[in-house]
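What follows is calculated from the coordinates using simple rules that are stated; it is not laboratory data. Small disclaimer: the values here were computed from a predicted structure and weren't measured. As a convention, Cβ positions derive from the backbone with ideal geometry for all residues, glycine included, and neighbour counts pool all protein chains shown.
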Amino acid sequence: MDLGLRDRVVLITGGTSGIGRAAARAFGAEGARVAVTYRQHLEAAEKAAAEVTAAGGESLIAPLDLGDEASIRAAVSTVTDQWGGIDVLVSNAVEWDVPAWDVPAWGAKLFEDAAAVEWQRMLRTSLEGAFHVVQAVLPAMRPRPDGRIILMSSGAVEYGMPGEAAYGAAKAGLHGLNRSLAREVGSSGILVNVVMPGLTTTERNLENVPEGVRTALAAQSASGRLSSPEDVAAVVVFLGSAANGNITGEVIRVTGGM
């Protein structure tokens, strides 16, 4: 199936590892022009961009800090200066400290002991940061046909995670943004959706989540396994492509039936 992605401009925030990097490769394999953003790890961004090129696409990299609106707008300008506009946005970047999974209740601290500054930082980066990314991209997307926006959420929104209320709240906010934004930009031909992975076998999760926890969570899924980054990337690419003709305002779960 031709997904109609050749020469389409795709911006992926947080594309240096995990789901973002897998999505970048997958879009590259469809002949897309893929911009990968990074916050700290330039070398990882360069490797991700090289994988896009090797897969058959074009690539560029740009620094982007979700907590800095100026850096977000600068990254978008880098893409539009190079390629003239943006057709697909994958808002994937997130700031999240991996919980201490190896102690009871996943290392959860009491909610009443959570520092307000930590709550505010999570909302500022993972929710407000996504707001600024979408707001910066829309002027570069509206004039082009068939824009697509994919917001990356988390299964934690539905099944919860002890000690991670701020993370869950920030990701849940994307669901509300999704529904309203889909209605607002639909008349411009732009489709907006949330992709909601469960625990995924990213490099970070394989390193930080104990095997026993991963095995237990896999056993709770209908498929009997955790999703891979490539599983999630395939859904992201479909939603960002011409094959998605009229799916918008939806939450697409990639949880193995968790």
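Its DSSP H runs of at least 4 residues, each contributing -39,500 (n - 2.57), put the calculated 222 nm mean residue ellipticity of the chain at -13000 deg cm²/dmol, to the nearest 500. Here's the picture: a label point sits 7 Å out from the Cα of residue 43 along the beta-carbon direction, and within the stretch 10-25 the residues with their amide nitrogen under 20 Å of it are 14-18, 21-22. In this structure the amide hydrogen of residue 192, modeled in the peptide plane, comes within under 5 Å of the amide hydrogens of 149, 249, none closer than 5 places in sequence on its chain.
Scaling the Cα radius of gyration of the stretch 151-258 by the globular reference 2.2 N^0.38 Å produces a ratio of 1.14. This structure gives Kirkwood radius over Cα pairs in Å, computed directly, and of (i) 26.0; (ii) 18.3; (iii) 19.8 that value is listed as (ii).
About its Cα centre, what dipole magnitude does the chain give when the only charges are +1 on Lys and Arg Cβ and -1 on Asp and Glu Cβ, stated in debye to the nearest 20?
Numbers: 21 positive and 29 negative charges, 113 e Å.
Dipole of the chain, to the nearest 20 debye: 540 debye.
Electrostatic bookkeeping for residue 88 treats Lys and Arg as +1 and Asp and Glu as -1; over the other residues with beta carbon under 11 Å from its beta carbon, the sum is +1. Taken along the Cα-to-beta-carbon direction at a fixed 7 Å, the label points for residue 247 and residue 180 span 2.5 nm. The calculated FRET efficiency for residue 50 paired with residue 115, based on their beta-carbon distance and R0 = 35 Å, is about 0.35.
Compute the signed sum of charges (Lys and Arg +1, Asp and Glu -1) over the other residues within less than 14 Å, Cβ to Cβ, of residue 54.
The answer is -1.
Centre-to-centre separation between the Cα atoms of the stretch 1-61 and those of the stretch 162-223: 20 Å.
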